[in-house]
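Structure first, then comments.
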Amino acid sequence: MEKVRPQTAPGTRSSVQLFAARNEFVSFQVGLHGGDSGWSGVSASLPALEGPARIEGADIVLYREALLLVTVPSTQHSEAGWWPDGLVPDVDETLGEKRQAFPMDVPARESRALWVDVHVPIDAPPGEYRGTVEVVGMGYRAQVDVSLTVVDWVMPSTSSLRTNFLLWTPAVCKAFTGQRECSREDQLRLLSYFHKLGLEHRITLSSHFDTHEIPDWTTFETWWDPFLWGTAPLRLPGARMTSVQFLGQPTPAQRADYLARLGARGLLPLSFTVVGDEPPWHSSFEEVRARATLSRQLTPQLRTMLTIYSLEDLERWGLSDLIDIAVVMVDSIFSTRVLSERAGTPSPYEAFLRRPNRELWLYQSCYNHGCGGSRPENVPGQGWPSYMMDRPAAKARALEWISFQMGATGELYYQVAEMLSTAWTNQYTYGGNGDGTLFYPGTVPVIGGTVDVPLPSLRLKLIRQGLQDYEWLKRVGEADPAFAHEVAREVVPAPWRVPDDGELFERARVRLIQRYLLMIGAEVPEAMDTYLSEHPGLPSRDVIEPVRLEQ
């Protein structure tokens with residue numbers, strides 16, 4: 001939960017303590033400092049974690065954190081310079097090929113970092129697991145002791161919080177082939193790699209449900225049914241997509257055939273069509289009403305989705321009966337509720353959710369870092385959720401905590417490959433570094449091996465942590481909502497007050513795990529009680545009132 005930059009001072013810890021359910025991912029970093037003379041030829045390994053069973057192989061992945069030069073900061077409180085984000089694996093998580101993460105060099109008087117993922121197998125017995133990260137360089141050796149406490153609960157493979165993160169096919173083709181269009185064989189193969197990586201990070205990518213791009217249903221069933229049905233070979237067994245976006249403008253006959261096939265697969269409850277985007281900026285309200293009305297007439301069983309700044313606009317423009325899934329900017333939903341509470345009236349989103357078959361989703365956009373401007377809430381120590389690489393790590397883990405507090409059931413992100421072709425050198429767009437890009441092109445010349453694969457960003461790992469946090473919040477909240485919401489508010493008191501301190505998230509997560517174990521009558525490990533006793537309270541922090549709300 002700290003981004004290790006070249007100027008980051010060396011630390012003193014030589015051990016890490018982790019807590020996880022079965023089928024949960026946990027991660028940590030190993031920071032390396034070059035000292036006065038530098039450190040060359042560095043390699044690292046974590047062969048296994050030994051305990052009631054042995055965790056090894058594909059369930060442990062080590063990465064070298066690559067640095068990207070930021071020349072234009074995303075906010076006035078961000079900094080230019082080198083930031084860690086791209087993750088080059090020792091052995092990639094898509095094909096299991098050895099790559100060129102190591103050996104690496106650590107320059108004199110600079111820091112570098114390794115990222116370590118551990119997936120707890122679904123059948124791993126609860127108990128204590130231990131292992132050692134060995135770091136070896138020319139003339140140097142270091143160790144980090146790892147302790148993992150596995151608790152007696154299985155985290156679901158499929159996220160309870162639905163997601164729809166757009167993966168744009170031309171961006172993928174351009175990044176891997178140099179052309180916006182690539183062969184059907186390359187396209188299917190590359191997209192399948194992305195979908196596998198997405199589901200292993202508990203997110204659903206949307207890219208291949210345009211009816212114009214489906215050559216035949218046999219191809220569709222071969223390549224995409226495994227991700228829809230949960231039969232793809234993943235470390236999260238049975239993980240399946242949580243949303244199906246209907247794209248294109250087919251004829252009524254094509255539309256009927258397409259939806260009939262989705263219905264036969266039991267996928268209609270997950271399916272939707274987007275009828276507009278952020279009116280009045282990218283779609284007019286009149287256009288939204290026309291598209292939604294047509295969809296109701298042609299395919300009433302297909303749900304409609306609209307990204308919108310404020311739910312008041314649905315009622316104002318006569319759209320409340322036409323929109324099933326309202327996707328609201330995170331910076332408007334809280335202020336709307338606060339203003340309603342001050343006025344003593346029901347909030348618009350509560351009225352919306354009282355309608356049958358309605359869902360509220362959230363999203364963060366460039367507006368949360370300013371779209372090249374300034375947001376007064378983004379000051380040191382607090383700010384909006386953000387997927388920008390030059391923002392604190394905690395910002396990318398926070399949206400799921402807000403979704404829980406607001407009663408949202410899904411999250412949308414407009415794009416994950418916007419700057420994929422230049423991801424290793426430049427991701428600045430819409431006033432932010434990394435806006436719309438959560439993956440890297442792992443081409444053979446860059447990472448070695450024999451086959452090109454997509455690679456995750458550090459931010460993608462943090463989003464997965466947030467989705468796993470949501471599982472704990474949801475499980476505790478089902479039986480003890482007061483406790484779950486209290487913990488969530490302690491960490492993120494408001495959407496514009498996401499702290500920089502990642503330790504707050506981890507301590508809160510452990511509190512939720514402890515509470516859930518007590519609720520289901522499972523044993524609370526002694527190590528967990530010890531950890532919480534050593535971290536008894538939340539550190540105080542200055543709070544700056546939001547300018548926009550006061551206005």
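The values are calculated or read from the model by the stated rules, or taken from the named source; none is laboratory data. On a predicted model such as this, the values are computed, not experimentally measured, just so you know. FYI the Cβ positions are ideal-geometry reconstructions off the backbone, even for glycines, and counts take in every protein chain you see. Note: accessible area is taken over every heavy atom of the protein model, side chains too, but ligands, DNA and RNA are not part of it. Shrake-Rupley method; radii C 1.70, N 1.55, O 1.52, S 1.80 Å.
Overview of values
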| read-out | value |
| --- | --- |
| Gln249 vs. criteria part of a loop (DSSP other than H, G, I, E, B), open to solvent by 40 Å² or more (accessible area, probe 1.4 Å), among the polar types (S, T, N, Q) and at pLDDT below 95 | yes |
| Residue in the stretch 5-20 that is of a type outside the set (Asp, Glu), open to solvent by less than 70 Å² (accessible area, probe 1.4 Å), farther than 30 Å from Thr158 by Cβ and within 22 Å of the chain's Cα centre (by Cα) present | yes |
| Selection from the stretch 144-185 of residues that are open to solvent by 20 Å² or more (accessible area, probe 1.4 Å), within 29 Å of Ile55 (Cα to Cα) and among the hydroxyl-bearing types (Ser, Thr, Tyr) | Thr158, Ser160 |
| Residue in the stretch 342-351 that is acidic (Asp, Glu) and crowded, with 18+ Cβ neighbours inside 10 Å present | no |
| Hits in the stretch 401-414 (condition: more than 11 Å from Val330 (Cα to Cα) and open to solvent by less than 10 Å² (accessible area, probe 1.4 Å)) | Trp401, Gly410, Tyr413 |
| Filtered residue count, the stretch 40-68, keeping only those that are in contact (Cβ under 8 Å) with a residue 40 or more places away in the chain, part of a strand (DSSP E or B) and not basic (Lys, Arg) | 18 |
| Failed item, numbered, when Leu322 is tested on (1) surrounded by fewer than 16 Cβ atoms within 10 Å (Cβ to Cβ); (2) of a type in the set (A, V, I, L, M, F, W, C); (3) at pLDDT 90 or above | (1) |
| Some residue of the stretch 375-388 being of a type in the set (Lys, Arg) and at pLDDT below 95 | yes |
| Number of positions in the stretch 288-306 that are open to solvent by less than 10 Å² (accessible area, probe 1.4 Å) and under 29 Å from the mean Cα position of the chain (by Cα) | 5 |
| Hits in the stretch 186-202 - residues which are more than 21 Å from Phe404 (Cβ to Cβ) and buried (at least 19 other Cβ atoms within 10 Å of the Cβ) | Gln187, Leu190, Leu191, Tyr193, Phe194, His195, Lys196, Leu197, Gly198, Leu199, Glu200 |
| Given (1) among the charged types (D, E, K, R); (2) assigned to a strand (DSSP E or B); (3) over 30 Å from Glu377 (Cβ atoms), index of the condition Arg13 fails | (2) |
| Residue list for the stretch 458-494, filter: crowded, with 19+ Cβ neighbours inside 10 Å, within 13 Å of Arg515 (Cα to Cα) and small (Gly, Ala, Ser) | Gly477, Ala484 |
| Output for the stretch 495-507, where each listed residue is under 23 Å from Gly370 (Cα atoms) and open to solvent by 50 Å² or more (accessible area, probe 1.4 Å) | Arg497, Asp500, Asp501 |
| Any chance Gly238 is assigned to a strand (DSSP E or B) and at pLDDT 90 or above | no |
| Enumeration of residues in the stretch 262-280 that are surrounded by 14 or more Cβ atoms within 10 Å (Cβ to Cβ) and either of a type in the set (Val, Ile, Thr) or not in a loop (DSSP other than H, G, I, E, B) (or both) | Leu262, Gly263, Leu268, Leu270, Ser271, Phe272, Thr273, Val274, Val275, Gly276, Asp277 |
| Residues (more than 26 Å from Glu181 (Cα to Cα) and modelled with pLDDT of 95 or more) located in the stretch 198-229 | Glu200, His201, Arg202 |
| Considering residues of the stretch 86-112 that are β-branched (Val, Ile, Thr) and farther than 18 Å from Lys3 by Cα only, the residue least open to solvent (accessible area, probe 1.4 Å) | Thr94 |
| Meets criteria (out of contact with any His (no Cβ under 9 Å at 6 or more places or on another chain) and under 28 Å from Gly35 (Cβ atoms)) for Val154 | no |
| Glu93 outside any strand (DSSP E or B), charged (D, E, K, R) and within 29 Å of Val151 (Cα to Cα) | yes |
| Conditions (1) surrounded by 15 or more Cβ atoms within 10 Å (Cβ to Cβ); (2) at pLDDT 95 or above; (3) not charged (D, E, K, R): number failed by Gly34 | (2) |
| Failed condition for Ser74, given (1) open to solvent by 10 Å² or more (accessible area, probe 1.4 Å); (2) in contact with an Asp or Glu (Cβ under 8 Å, 6 or more places away or on another chain) | (1) |
| Top-ranked residue in the stretch 418-445 [being free of Cβ contacts under 8 Å to residues at least 40 places away in the same chain and assigned to a helix (DSSP H, G or I); ranked as most open to solvent (accessible area, probe 1.4 Å)] | Pro445 |
| Filtered residues of the stretch 354-388 (kept if open to solvent by 20 Å² or more (accessible area, probe 1.4 Å) and not in a loop (DSSP other than H, G, I, E, B)) | Glu359, Cys366, Tyr367 |
| Test: residue in the stretch 49-59 that is modelled with pLDDT of 95 or more and farther than 14 Å from Gly131 by Cβ | yes |
| Of all residues making up the stretch 154-177, the number that are touching a residue at least 12 places away in the same chain (Cβ under 8 Å) and more than 24 Å from Arg22 (Cβ to Cβ) | 12 |
